[in-house]
Amino acid sequence: MRVAVCADVGSTYTKAAVVDLDSGRLVSAGSAPTTVGSDVLRGLDAAVASASVGVAVGDAPWYVCSSAGGGLRLAVVGYEPLVTAQAGRRVGLSAGANVVHVAVGRLGAAGLTALRGARPDVVLLVGGTDGGDEEVLTHNATRLARARWRVPVVLAGNVEVRDGLGALLVAAGVPVTVADNVLPRIGVLAPASARAAIREVFLRHVIGGKRLSRGPRFSRLVRAATPDAVLTGVEVLADAVGGDLVVVDVGGATTDVYSVLTPDERADGPGREVAGTLWRARTVEGDLGMRWSAPGVVRAAVEERLVGGGEEAGLAAAAQARAADPGFLPAGDAEREVDARFAALAATVAVRRHARGGATGERGGRDLRDVRLLVGSGGVLRHVAPVVSAAVLGAVLGDHAGGWPVPRDARPVVDVDYVLAAGGLLAGDHPVAAGALLRRHFGAD
C-alpha cells in the first residue's frame with residue numbers, strides 16, 4: 001500500500017490523515033494540540049504519530065498546510081476601489097490570505113504609514129488593465145522602492161509597465177515576485193498567476209519569517225496556506241460532484257465560506273461586473289467565530305434580526321466568556337446548546353454575506369440557487385451529534401428571510417474526517433487519489 005501523510009497545522013489543533021494513494025481511501029486520522037508556544041513540529045509530529053498508529057508510513061511523503069501564527073496576512077494596493085483594488089482583494093482571498101488592508105490610489109505618507117501599520121506578510125500590488133492606466137501603479141511601485149520596503153511584494157498589474165517596475169523594486173532591495181495582471185481587461189478576472197505567486201511567497205518568506213519552528217524542516221514540509229489547500233479541495237470536489245457547491249467552515253476566530261459555481265455565460269454581456277467574477281471564491285468573516293470572535297456573532301445576528309431582545313443578553317454574556325477563554329470547552333448539555341446556537345448564527349450570517357456579495361463586493365452577489373451540496377466544516381460541527389450539525393446546516397438552507405435566494409435542492413453533509421484540506425494537498429501530485437478521497441467522503445460516487 002502506497003500512502004501519503006496529509007496534515008493541517010491550525011491555530012489551535014494540528015490534524016493529520018494517512019491516505020492510500022492507490023485507492024484514495026482514508027486509512028487513519030489523528031490530531032494533537034498545535035505547539036505554537038514552542039515549536040510547531042512537536043505538535044505536527046504528535047498528530048502524525050496519532051494518525052499512524054498501526055499503519056506503516058515509513059518514508060511516505062508528507063503534505064502539510066498551515067494557518068498557525070495567524071496564517072497569511074495580505075495587503076492589497078490598487079488603482080480604483082471598485083475595479084483593480086477589488087479584483088486584487090478577491091484574488092487574495094482565493095489564495096488563502098486574510099486581507100488585512102486595502103489601499104486605493106496613489107500612496108502618500110499617510111497611506112504608507114497605514115500600510116505598515118497593517119503588518120502584512122505580503123503586499124499584492126495591482127493597478128490598470130493591460131494597456132490602460134500606468135501612472136498609479138508606477139507611482140506606488142516607486143513609492144515602495146524609495147521607502148526601502150522589505151515586506152515581499154507580488155506585482156500583478158498593467159503588463160505594459162510591470163517588468164520595468166519589477167526591475168525597479170529589485171534594484172531597491174524589495175523582495176518582489178512578478179505575476180500576470182489580475183485584471184487584464186475590464187470584467188475579466190485572472191487569478192491563477194497571482195494566486196500561484198502568493199503561494200510561492202508564502203512558502204518562501206512567510207512560513208520561515210513567523211519563526212514557528214527553529215529549524216528548516218517545517219518550512220520544507222509546508223506546501224500551502226490552509227485556506228488555499230481547502231479551496232483547492234473544494235474545487236476538486238466540485239469537479240467530482242459536477243455541480244455548484246458551498247462549504248462553510250466555522251472556526252474559533254473566523255467563519256470562511258467557499259463556493260464553486262458554474263460560470264454564467266451572461267456574465268460576459270453588457271451587465272458584467274467591471275472587476276470580474278470569480279466563480280471559485282472564498283470569503284472570510286473575521287467578526288464571526290466560536291471563541292475569539294464570539295461577541296461579533298451576537299452583534300451581527302442582532303443586526304440581521306436573527307436574535308431577539310429576549311435572547312441577546314444571555315448570548316452576549318456567553319460570547320464574552322468564550323472570547324476571554326478561547327480554550328473553553330462546553331460542559332453539559334446547556335453549554336453545548338449555546339455552542340450550537342453560535343455555530344448556526346455564524347454560519348447563517350457568513351453565508352448571507354457571501355451570497356449577497358457583501359465581503360467580495362460583487363454586484364448582485366453570488367447566485368447559490370443551484371448549489372447541490374452544502375458542506376459544513378469546523379470542530380463545532382465535527383465533534384457533535386449528527387442531529388446537531390444537521391440543525392446548524394439546516395438553518396443556512398432554511399434562511400428564507402436572509403435577502404438571498406437559498407439553494408433549491410442542496411444536500412447537507414459534514415466534513416467529519418477533515419478530508420477537504422487533504423484532498424487539496426494531494427491534488428497537484430496525486431489528482432486521482434484526491435478525487436477518489438473526496439468522492440468517497442461526500443457521497444459523489
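Pick from Gly423, Gly289, Gly111: which is most flexible by mean-square fluctuation in a GNM of the chain where alpha carbon atoms under 10 Å apart are linked? Judging by the Gaussian network model, the answer is Gly111.
Amide H contacts for Val414 (H built 1.01 Å from N in the peptide plane; partners 5 or more residues away or on another chain; cut-off under 5 Å): Gly376. Largest mean-square fluctuation among Phe328, Phe218, Phe202, in a Gaussian network model of the chain whose springs join Cα atoms under 10 Å apart, belongs to Phe328.
In this structure, Asp239 and Asp333 have a Cβ-Cβ separation that, at R0 = 35 Å, corresponds to a calculated FRET efficiency of about 0.30. When you work out D = kT/(6 pi eta Rh) for the chain at 20 °C and 1.002 mPa s, using the Kirkwood radius from C-alpha pairs as Rh and the Stokes-Einstein form, the result is 96 µm²/s. Scalar couplings 3J(HN,Hα) for the stretch 301-317, obtained by applying the Karplus form with A = 6.51, B = -1.76, C = 1.60 to θ = phi - 60°, are 5, 5, 4, 8, 6, 8, 10, x, x, x, 9, 4, 4, x, 5, 4, 5 Hz; x denotes Gly and Pro.
Taking amide H as placed 1.01 Å from N in the peptide plane, Val176 has its amide H under 5 Å from the amide H of Val153, each at least 5 places away in sequence or on another chain.
Across the chain, the longest run free of exposed loop sites, meaning trypsin sites (Lys or Arg not before Pro) lying outside DSSP classes H, G, I, E and B with no more than 11 other Cβ atoms within 10 Å, spans 1-147. Using the Cα coordinates of the stretch 273-409, the gyration tensor eigenvalues translate into equivalent-ellipsoid semi-axes of 27, 16, 14 Å, sorted from longest to shortest.
Among beta bridges from DSSP that stay inside the chain, the antiparallel ones total about 45%. Atom-type composition of the exposed protein surface of the chain places 52 percent of the accessible area on carbon and sulfur (1.4 angstrom probe). Computed per residue of the chain from DSSP H runs no shorter than four, each worth -39500 (n - 2.57), the mean residue ellipticity at 222 nm is -12000 deg cm²/dmol. Just to confirm, what accessible area per residue do you get for the chain at 1.4 Å probe, in whole Å²? Here the residues of the chain average 40 Å² of exposed surface.
Applying the Karplus relation 6.51 cos²θ - 1.76 cosθ + 1.60 with θ = phi - 60° to the stretch 240-256 yields 3J(HN,Hα) values of 6, 6, x, x, 6, 8, 10, 10, 10, 10, 8, x, x, 10, 9, 10, 9 Hz, where x marks Gly and Pro. As a length-normalised measure over Cα pairs under 8 Å and 6 or more apart, the relative contact order of the stretch 331-431 settles at 31 percent.
The values are calculated or read from the model by the stated rules, or taken from the named source; none is laboratory data. Values in this document were obtained by computation on a predicted structure and should not be read as measured data. Cβ sites come from the backbone with ideal geometry, for glycine too, and all protein chains shown count toward neighbours. Only protein heavy atoms, including side chains, enter the accessible area calculation; ligands, DNA and RNA are left aside. Shrake-Rupley method; radii C 1.70, N 1.55, O 1.52, S 1.80 Å.
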